[in-house]
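*Asks:* Before I ask anything, let me first share the structure, which is written out below as structure tokens.
The values are calculated or read from the model by the stated rules, or taken from the named source; none is laboratory data. Just so we're clear, the structure is a prediction, and the values are computed from it rather than from any experiment. Positions of Cβ are backbone-derived with ideal geometry, glycine not excepted, and every protein chain shown enters the neighbour counts. When the accessible area is computed, the model is the full protein with side chains, heavy atoms only, and any ligands, DNA or RNA have been set aside. Shrake-Rupley method; radii C 1.70, N 1.55, O 1.52, S 1.80 Å.
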Amino acid sequence: QVQVVESGGGLVQAGGSLRLSCVCSGFTFSSVVMGWFRQVPGKEREFVAVINWSGQFTYYADSVKGRFTISRDNAKNTVYLQMNSMKPEDTAVYYCARNRGNYSLSPNDYDYWGQGTQVTVSS
């Protein structure tokens with residue numbers, strides 16, 4: 001049974017930091033691409049960052065480049081999203097997901113999703 005479970009969300013002031021974690025099970029974590037997305041009510045789910053199986057390749061949305069860092073620990077079946085210099089516009093529910101194997105940035109190319117974790121940045 002595949003499971004994807006995010007944690008680490010919360011309330012932070014503008015300029016602050018949070019680290020999200022995503023623990024996975026039920027598949028060979030070390031061989032898959034993983035991504036982070038976010039969504040606010042009334043808007044489509046938005047790509048944030050992606051990381052390849054080894055962690056050597058990463059790619060970010062322009063809106064978070066230079067502030068967010070995606071990483072992974074294959075020994076712990078966990079992918080992380082370190083968020084620094086946070087802005088009110090980063091407020092969203094953040095989701096972790098498993099890519100189908102094509103490095104796509106589209107949510108349609110991710111097959112297993114967590115339940116999401118709320119991140120709120122106050123001004």
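*Asks:* How about the range 93-108: which of its residues are part of a strand (DSSP E or B) and either polar (S, T, N, Q) or touching a Cys at 6+ places or on another chain (Cβ under 8 Å) (or both)?
*Replies:* 96, 98, 99
*Asks:* To continue, here is another question. Quick check on my filter: what residues within the range 71-98 are aliphatic (A, V, I, L, M) and either within 22 Å of residue 54 (Cα to Cα) or within 11 Å of the chain's Cα centre (by Cα) (or both)?
*Replies:* 75, 79, 81, 83, 93, 97
*Asks:* Then there's this: Looking for whichever is out of contact with any Lys or Arg (no Cβ under 6 Å at 6 or more places or on another chain), buried (at least 20 other Cβ atoms within 10 Å of the Cβ), modelled with pLDDT of 95 or more and closer than 19 Å to residue 8 by Cα here; the options are 92, 49. Which one fits?
*Replies:* That would be 49, the only listed residue that is out of contact with any Lys or Arg (no Cβ under 6 Å at 6 or more places or on another chain), buried (at least 20 other Cβ atoms within 10 Å of the Cβ), modelled with pLDDT of 95 or more and closer than 19 Å to residue 8 by Cα.
*Asks:* Among all residue pairs at least 6 apart or on different chains, which show Cβ distances below 6 Å where the first residue, located in the range 17-32, is closer than 12 Å to residue 53 by Cβ and the second is in a helix (DSSP H, G or I)?
*Replies:* 30/74
*Asks:* Does residue 36 meet the test of being closer than 15 Å to residue 100 by Cα and either open to solvent by less than 20 Å² (accessible area, probe 1.4 Å) or part of a strand (DSSP E or B) (or both)?
*Replies:* yes
*Asks:* Same structure, new question: Out of 100, 38, which single residue is touching a Phe, Trp or Tyr at 6+ places or on another chain (Cβ under 8 Å), of a type in the set (Lys, Arg) and more than 17 Å from residue 8 (Cβ to Cβ)?
*Replies:* Just one listed residue meets the conditions, 100.
*Asks:* Moving to a separate point now. Need the failing condition index for residue 111 against (1) part of a helix (DSSP H, G or I); (2) within 23 Å of residue 1 (Cβ to Cβ), just the number.
*Replies:* Unmet condition: (1).
*Asks:* If you check 63, 71, which single one turns out to be surrounded by fewer than 17 Cβ atoms within 10 Å (Cβ to Cβ), touching a helix residue (DSSP H, G or I) at 6+ places or on another chain (Cβ under 8 Å), more than 18 Å from residue 10 (Cβ to Cβ) and not acidic (Asp, Glu)?
*Replies:* The conditions single out 63.
*Asks:* Does residue 3 meet the test of being of a type in the set (S, T, N, Q), open to solvent by 60 Å² or more (accessible area, probe 1.4 Å) and within 15 Å of residue 113 (Cα to Cα)?
*Replies:* Yes; evaluated as a whole, the condition is true for this residue.
*Asks:* Then there's this: Could you say which residue among 30, 17 is open to solvent by 20 Å² or more (accessible area, probe 1.4 Å), at pLDDT 95 or above and out of contact with any helix residue (DSSP H, G or I) (no Cβ under 9 Å at 6 or more places or on another chain)?
*Replies:* The match here is 17.
*Asks:* Where in the range 40-90 are the strands (runs of 3 or more DSSP E), entirely inside, with at least 3 residues that are of a type in the set (A, V, I, L, M)?
*Replies:* 46-51, 78-83
*Asks:* Consider residue 103 against the criteria (1) at negative phi; (2) modelled with pLDDT under 95: it satisfies all of them except one. Which criterion is unmet?
*Replies:* (1)
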